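The values are calculated or read from the model by the stated rules, or taken from the named source; none is laboratory data. From a predicted model like this one, the values you see are computed outputs, not experimental measurements. Note: ideal-geometry Cβ built from the backbone for every residue, glycine included; neighbour counts use all protein chains shown. Surface accessibility is based on the protein's heavy atoms, side chains included, excluding ligands, DNA and RNA. Shrake-Rupley method; radii C 1.70, N 1.55, O 1.52, S 1.80 Å.
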Amino acid sequence: MTTSSFSVGRSSYGDLRGVEQFVATERMALQILSVKIDFDQMKADQGSGDRLSINEGKRSRARQDYLWANRVALGVVVAPPYTSRHDEIRNGNAIDVGVTMADGRNRALTAAEFDWLHTQVERRGGTWTGRNFGEPWHHEMATRAEVVPPYPNARAIVAAGPTIKSTTTPVGDIVNTFIIKVDNGKGAWDAFLANPETMRILPLGSTALAFWKARGVPEQPDMQARQVLAGFELVKGKGA
Ligand SMILES: [Zn+2]
């Protein structure tokens, strides 16, 4: 039997870290990615680099067999093989979600975040079915009418990351300013002049980068993940 698969991004959780996750239809994928977009923007607006991640979507039959056979040793609670809504063939509409922090580690959602999540999933056409078996992270997508349709370009929005607030106010006192390099997701980095006192940040082209380096503004050696931009205001204009 063949099944279709639609990506909901890579897991960062447990033995699935780095493994791309899927659901059965594009509509389901866009629904949960839209929830993620709203969650990530909310966190960015709070100055947090925490991001919603799909720990697991469709589960292969081989993995179900493995988890069931080893459930005691692994200490996991799993449904008998092929009965789960994660099943790759019968349903494939279930997703388990968690939070990936800016440093790459995982955490569970807080109670307040779960409350937000359950409401938003249901607005987007899913159901918190984990309510019936004590799993606040477990949802099934495309199970009800949508109150809000998904972002049609959800994948592009996820790839771009949360919107950063902008200002025309300069970065601030140069004494408190340094240069950081941020991964731009395209195998390269973008330079910024950042002031952690004012929490304002200025994108630097190559000329501006050379200008500030020549003035002795210290440069952080390591490339940073894009999440470091969370909480900064993006300066439009001249800068410091
Ligand atoms: Zn689940």
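Assorted remarks:
- Per DSSP, loop trypsin sites (Lys or Arg not before Pro) in segment 1-49 with at most 11 further Cβ within 10 Å: none
- By definition, a body whose alpha carbon gyration tensor gives a ≥ b ≥ c is oblate when a/c is 1.5 or more and a/b is not larger than b/c, and segment 166-235 fits this oblate description.
- Based on DSSP H segments of at least four residues, each scored -39500 (n - 2.57), the chain has a per-residue ellipticity at 222 nm of -7500 deg cm²/dmol.
- Considering only alpha-carbon pairs that sit under 8 angstrom and 6 or more positions apart, the relative contact order computed for segment 122-222 is 19 percent.
- Relative contact order of the chain, taken over Cα pairs closer than 8 Å and 6 or more residues apart, is 19 percent.
- The protection proxy used here, the mean number of other Cβ atoms lying within 10 Å of each residue, ranks peptides 91-102, 56-67 as follows, highest first: 91-102, 56-67.
- The phi-based Karplus calculation (6.51 cos²θ - 1.76 cosθ + 1.60; θ = phi - 60°) puts the 3J(HN,Hα) values of segment 147-164 at 7, 10, x, x, 5, x, 9, 4, 5, 5, 5, 4, 5, 6, x, x, 6, 9 Hz, whole numbers, x for Gly and Pro.
- Computed in the context of the full set of protein chains, the accessible area of segment 1-44 at 1.4 Å probe radius has 55% of its extent on carbon or sulfur.
- Amide H contacts of Tyr13 (H built 1.01 Å from N, under 5 Å, at least 5 apart or other chain): Gly18
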